[in-house]
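What follows is a set of notes on a single structure, which appears directly below.
The values are calculated or read from the model by the stated rules, or taken from the named source; none is laboratory data. In this text, all values refer to a predicted model and were calculated from it rather than measured experimentally. Glycine also receives a Cβ, built like all others from the backbone with ideal geometry; neighbour counts cover every protein chain displayed.
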Amino acid sequence: MSVPDSCRRVVSVYLYLRSPARRYGHRMDHTWAHAKLMNFAVACRGIIDSETDSAAERNWEDSALALEPVVQRLMNAYEPGLGDYQVGSNSQSIRWGWPRELALRAAGLAKDYAALQRSLKPDAPYIAADGLHKWVWDAARPMLEADARQEAVNTAARAVNARIQQKTGRTDIGEYELVMQVLDTQEPKVGKPRLRLPGDRSSPTWKSQQEGVKFFAAGCFRAIRNPGAHEDSLDWSEQEALEYLSALSALARWVESSTVEY
């Protein structure tokens, strides 16, 4: 079968490592996904093989049409863009033949996902995005899944700021001013509580860490949140966005482990 160039997709290790299946693989039911993809492929084959039997063809086509929206999402989960095919043809063999091939390709990735994950695991250490602190990941995830990286970071920064405000009761200020005050090493004042990291407060190490977290937090809001909020399009790469989210995650862990001193 001849396939239009505009419909072709290239399978690559790079795309697999960058795909949602790679990021969220342990949450996906690969057995279920494989079954759906194979059922769709069988239905497509049934349509092609039944072109001389209109009743059988309609039955197979009903099954394929019902499965296609789900299958397209699964294709994109295993290889971004794989399910974005467009086949405009009156020929059933072309209309359903190419989607069948793409479904079988995705089914192969689903079937061998665990083995692929082990074999293609980078030599260098890596962190999983869903292992970030809950405050950060829960806020950023919907935007990341929509490929809105800048807004994902902004949303996460706002979430961390809101948690600090909630914990300290300082809703009158936010972000840079908030962390510079609540993480300060000076004694708390009326209406100005402090966040204290765990540890021996009489030790130089504790004071050094407390001050470090204060300026780290200030940097997160000045160098990450501020540009992200005020520049229209920063075109952050996925790597950059994840690094910024990691910084916010570290801050969130420190804030959660701290106690409020009045």
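Worth a mention:
- If you check 246, 237 for being assigned by TED's automatic domain parsing to the domain that holds residue 145, more than 22 Å from residue 138 (Cβ to Cβ) and hydroxyl-bearing (Ser, Thr, Tyr), only one passes: 237.
- Residues in segment 7-50 that are touching a Phe, Trp or Tyr at 6+ places or on another chain (Cβ under 7 Å) and either modelled with pLDDT of 50 or more or not in a loop (DSSP other than H, G, I, E, B) (or both): 11 in all.
- For segment 231-255, a tally of residues being out of contact with any Asp or Glu (no Cβ under 9 Å at 6 or more places or on another chain), farther than 11 Å from residue 150 by Cβ and not hydroxyl-bearing (Ser, Thr, Tyr) returns 12.
- Tally, over segment 84-101, of residues that are over 22 Å from residue 51 (Cα atoms) and free of Cβ contacts under 8 Å to residues at least 60 places away in the same chain: 1
- Subset of segment 41-81 [among the aromatic types (Phe, Trp, Tyr) and within 27 Å of the chain's Cα centre (by Cα)]: 78
- Considered as a group, the residues in segment 131-178 that are surrounded by fewer than 18 Cβ atoms within 10 Å (Cβ to Cβ) and acidic (Asp, Glu) include one that is nearest to residue 238 (Cα to Cα), and that residue is 147.
- Within segment 218-250, the residues that satisfy the criterion of being in a loop (DSSP other than H, G, I, E, B) and either modelled with pLDDT of 90 or more or buried (at least 21 other Cβ atoms within 10 Å of the Cβ) (or both) are 236, 237.
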